[in-house]
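Just below is one structure, and these are the notes that go with it.
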Amino acid sequence: MRVIAVLVLVFGIALSGGALFFASEYFDTMKASMAQKGPEMARVLVAKKTLNYGKTIGPADLKWVEWPRSAIPPGAFTTAEALLGEKRDQRRIVLRAIETGEPILEGKITKFGESPRMSMNIAEGRRAVSISVDVVSSVSGFVATGDRVDILLTRTQQEKLVSSVILQDIEIIAVDQRANSEAMSPRVGRTVTVDVDTVQAQKLALAQRLGSLSLTLRGIGESSDTTLAPVSSDSLSDFEKKQEDPMLKVRVRRGGSLSSVDVGDVEDGTKQDSGSDTKSSATGSSDADSNGDKAEEEPGTAK
């Protein structure tokens, strides 16, 4: 029995060792095969440094990078001739900023010898609309191309000033006639051009006729578009309304019944019908004397 047990143990160990050996050989073979094949690569032209709007592209702004052929983005350039011409002297201008290491894409630059135009920056289904601004409504000139803003409309409704947020998270694509974002200092413009859809463009056209527009600058990366209620001039005061003085109440006993009367109500009634009140007062006085009526004031009230 002991010999059989030992043989079974030795056989099990040998079988486990053989399984581990063959598994290791299999994985080593797979790794070597993958290392030899790898993805098919191709050379792509990318930006050597950040290229901003309006920059003329030259050979010094470009470099070659190995890129997986299956992952090359549409519009990328795999030959220098396609980008700069056969003699490397064709002019191409940047329409949208290109970051360092980013592939040069056909949709972000002009065609050979073409000058940049605003329409080249507008996507399909979008519209460019200009609105008038001043130093206050443009956030003291801190609104620049590429910023995102909310647009407020201030107008008169029912004899009250009302301010409403009519558009949110709108991109500024130009300030006056400047469509680049390289300005390092605030610049107060007379107009800003925004990128909107067709419905938003109609809203802006109406809003400019109804009242005055103002811009509120959004923080970078903020995407909240919560619906905000309009604010009227009534909500400007932070002071609570003064409480009206509590009316004095007088308890009057007439013919054995007790009733409570506000002094203010008695005064109002006196003003509305002074003639009849005078008569009633005189009659009431004689009745009170004859019937022994008493007027008792509540505690803490004036006599």
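The values are calculated or read from the model by the stated rules, or taken from the named source; none is laboratory data. These numbers were taken from a predicted model, which means no experiment stands behind them. Neighbour counts are summed over all protein chains in view; Cβ atoms, including those assigned to glycine, are modelled from backbone coordinates with ideal geometry.
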Candidate set from region 152-172 (those that are modelled with pLDDT of 90 or more and among the acidic types (Asp, Glu)); member that is nearest to the chain's Cα centre (by Cα): ASP169
Do any residues in region 220-249 that are basic (Lys, Arg) have Cβ atoms under 6 Å from those of residues that are modelled with pLDDT under 75 and not in a strand (DSSP E or B), where the two are at least six apart or on different chains, and which pairs are they? LYS249/GLU298
Looking at this structure, is LYS87 among the charged types (D, E, K, R) and surrounded by 11 or more Cβ atoms within 10 Å (Cβ to Cβ)? no
Please specify each residue of region 1-42 satisfying the condition of being at pLDDT 70 or above and either charged (D, E, K, R) or on the phi > 0 side of the Ramachandran plot (or both). ARG2, GLU25, ASP28, LYS31, GLU40
In region 110-151, how many are surrounded by 15 or more Cβ atoms within 10 Å (Cβ to Cβ), at pLDDT below 90 and β-branched (Val, Ile, Thr)? 5
Could you list, in sequence order, the residues of region 95-105 that are at pLDDT 90 or above and within 27 Å of ALA174 (Cβ to Cβ)? ILE98, GLU99, THR100, GLU102, PRO103, ILE104, LEU105
Test for GLY255: is it on the phi > 0 side of the Ramachandran plot, outside the structural domain of ILE170 (by TED's automatic domain parsing) and at pLDDT below 85: yes
Which condition does LEU213 not pass, out of (1) at pLDDT below 90; (2) surrounded by 10 or more Cβ atoms within 10 Å (Cβ to Cβ); (3) in a strand (DSSP E or B), if it passes all the others? (1)
Selection count, region 110-153, where residues are free of Cβ contacts under 8 Å to residues at least 60 places away in the same chain and in contact with a helix residue (DSSP H, G or I) (Cβ under 8 Å, 6 or more places away or on another chain): 2
If I ask for residues that are buried (at least 19 other Cβ atoms within 10 Å of the Cβ) and over 9 Å from LEU153 (Cα atoms), which ones from region 201-210 would you list? LEU204
Single residue of region 90-108 satisfying the filter (farther than 22 Å from ARG69 by Cβ and touching a Leu at 6+ places or on another chain (Cβ under 6 Å)) that is surrounded by the most Cβ atoms within 10 Å (Cβ to Cβ): VAL94
